[in-house]
Amino acid sequence: MKIAKTVGILGIAVAGFSLASCGAGGENQGLEFAPQMYHSVAYEPLTQITDFETKGDLISTREDGKGEYFNSNINNPHNMNMREPVANTVPRDKNGYLPYRYKAFEVEESASTKNPIKLDDAVLTEGKRLFQLYCTPCHGAGGEGDGTVGNIIGGVANLKGGAYLGLSEGHIYHVVMKGKGRMGAHGSQITPENIWKIVHYVKQDLQGGQNADTAVAEVSDQDVTQVETPAN
Ligand code: HEC
């Protein structure tokens with residue numbers, strides 16, 4: 001008898017708890033079990049709530065009234081969570097490189113950019129490895145535009161031929177970074193340092209050191225075989 005009663009009370013308690021947890025709807029997320037697991041204690045970097053009454057203790061259940069996450073930082077200007085960059089400064093990456101500012105269409109201007117990486121055998125070996133990783137699918141192992149993917153999409157530049165031999169290092173860097181015509185941009189996949197290593201490899205090994213670090217040579221659209229892309 002006693003056991004049945006206890007089970008009955010427990011049953012009611014469980015049913016009550018389940019019902020209470022189901023109150024979600026509209027803006028209300030319902031009862032959260034262990035909210036610390038969902039809400040980061042860190043500042044939320046891209047939020048900025050300047051409500052001085054709540055000041056970040058929006059979901060606080062703590063006795064001291066402090067928020068479980070912080071939506072405004074009263075020590076920063078405008079209560080922003082992210083810091084403003086120091087006035088009149090330009091960010092550099094860990095190698096000291098400035099941001100690459102040329103837009104995709106500013107190909108001619110890019111020719112004046114110099115390769116900041118000193119050329120040596122180790123750089124060439126690494127450049128070759130990176131070229132094989134990122135470029136051979138289209139340009140082929142020898143750079144002649146005959147990679148497996150290149151054969152399918154067609155119109156891939158033969159880096160060993162014609163006017164391509166005259167391309168400046170800055171120009172090649174630009175094309176890899178921003179893309180050109182049918183070649184997509186690789187700036188988000190390859191670091192600036194690695195692109196410059198690939199550029200060394202292309203100029204020194206594939207193109208036999210021709211016109212390395214010289215002014216831009218024009219490559220007209222006619223140099224690229226125009227081939228229709230088959231439907232995927
Ligand atoms: C998805 C295929 C693809 C990949 C991957 C690719 N390319 Fe290209 N590349 C092309 C095509 C297509 C062209 C011809 C672009 C055009 O003018 O329409 C081209 C053109 C070029 C040119 C000539 C640019 C000019 O001014 O005409 C250079 C230099 C070049 N690629 C270097 C590279 C390097 C270095 C890599 C590796 C980081 C690379 N490409 C990866 C497809 C590719």
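Read the figures in this text as sums done on the coordinates, not as results from a lab. This one's a predicted model, so the numbers in the text were calculated from it and none came from an experiment. Note: ideal-geometry Cβ built from the backbone for every residue, glycine included; neighbour counts use all protein chains shown.
For a quick check of your reading of the filter: which chymotrypsin sites (Phe, Trp or Tyr not before Pro) in region 76-168 sit in a DSSP loop and have no more than 16 other Cβ atoms within 10 Å?
Hits after loop and neighbour filter: Tyr97, Tyr100, Phe105.
Tell me which of Val107, Ser188, Gly155 sits at the most positive position along the dipole axis of region 107-223, charges placed on C-beta atoms (Lys, Arg +1; Asp, Glu -1).
About the Cα centre, the residue reaching furthest to the positive side is Ser188.
Using mean Cβ contacts within 10 Å as the protection proxy, how do 135-146, 196-207 order, highest first?
196-207, 135-146
Largest first, please: the extent of the C-alpha atoms of region 107-223 along each principal axis, to the nearest Å.
36, 28, 28
For a quick check of your reading of the filter: which GluC sites (Glu not before Pro) in region 83-136 sit in a DSSP loop and have no more than 16 other Cβ atoms within 10 Å?
Glu106
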